[in-house]
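Below is one structure, written out as structure tokens; comments come after it.
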Amino acid sequence: MIHVGLTGGIASGKSTVAQRLIELGAVLIDADAIARAVVLPGTPGLAAICERFGEQVLGPDGALDRPALGSLVFADPQAREALNAIVHPLVRAEATRQREAALAAKVVVEDIPLLVETGQAERFDSVWVVVAPRELRIARMLEHRAMTRQEAEARIDAQASDEQRAAVADVLLQNDGSLESLRDQVDANFQALVSA
């Protein structure tokens, strides 16, 4: 099994790369999907978040109110660290379980938005980083995620820089052109990976 870590800043195009890797035959472990699952109502993760941040982070249905929690943690680095200390161990444990369940796969890709921030680069045979210009990423967030410019900039600033990500990258995918160009980069690098 070849173990790939895939990362990139918010709105860089990482999900597009992940989808293409699935099409090429990779097994994908999605850290964001796991992060949502480990804080569903009734989970120890949600209980720990409520204990730390209070009931104000719950919606009327008892589920996590992500915008309410986001407004707390993206404005306060210590609150963000506290949230990460709750969620990241739960996500890693489930990702490990999923990877072990995929032992027959040739390539397993873990899509981890905060791979660099959480110091996980050494866990992988290859680290792939998707990069796109800051202004393009902001425009994508304004258009597709209904964020204000201030919210978009706060999200970008809360993550590692492109330079920090590039420092751990084995593969750097430039997403500042067409979708076809990005897919071509993914295809060429995937082929090189499996034929090495």
Within segment 8-28, residues touching an Asp or Glu at 6+ places or on another chain (Cβ under 8 Å) and under 17 Å from residue 123 (Cα atoms) come out as 28
The lone condition residue 72 fails out of (1) more than 23 Å from residue 179 (Cβ to Cβ); (2) at pLDDT 95 or above; (3) surrounded by 14 or more Cβ atoms within 10 Å (Cβ to Cβ) is (2)
(message) Given the condition in contact with a strand residue (DSSP E or B) (Cβ under 6 Å, 6 or more places away or on another chain) and among the polar types (S, T, N, Q), answer yes or no: does some residue in segment 106-125 qualify?
(response) no
Does segment 33-50 contain at least one residue that is more than 25 Å from residue 152 (Cβ to Cβ), within 16 Å of the chain's Cα centre (by Cα) and assigned to a helix (DSSP H, G or I)? yes
By my count, helices (runs of 4 or more DSSP H) wholly in segment 111-196 with at least 2 residues that are open to solvent by less than 60 Å² (accessible area, probe 1.4 Å) and within 24 Å of residue 77 (Cβ to Cβ) are 134-144, 149-157, 162-168
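The values are calculated or read from the model by the stated rules, or taken from the named source; none is laboratory data. These numbers come from a predicted model, not from an experiment. Heads up, the Cβs are rebuilt from the backbone with ideal geometry, glycines too, and the neighbour counts pull from every protein chain shown. Side chains included, ligands, DNA and RNA excluded: accessible areas come from the protein's heavy atoms. Shrake-Rupley method; radii C 1.70, N 1.55, O 1.52, S 1.80 Å.
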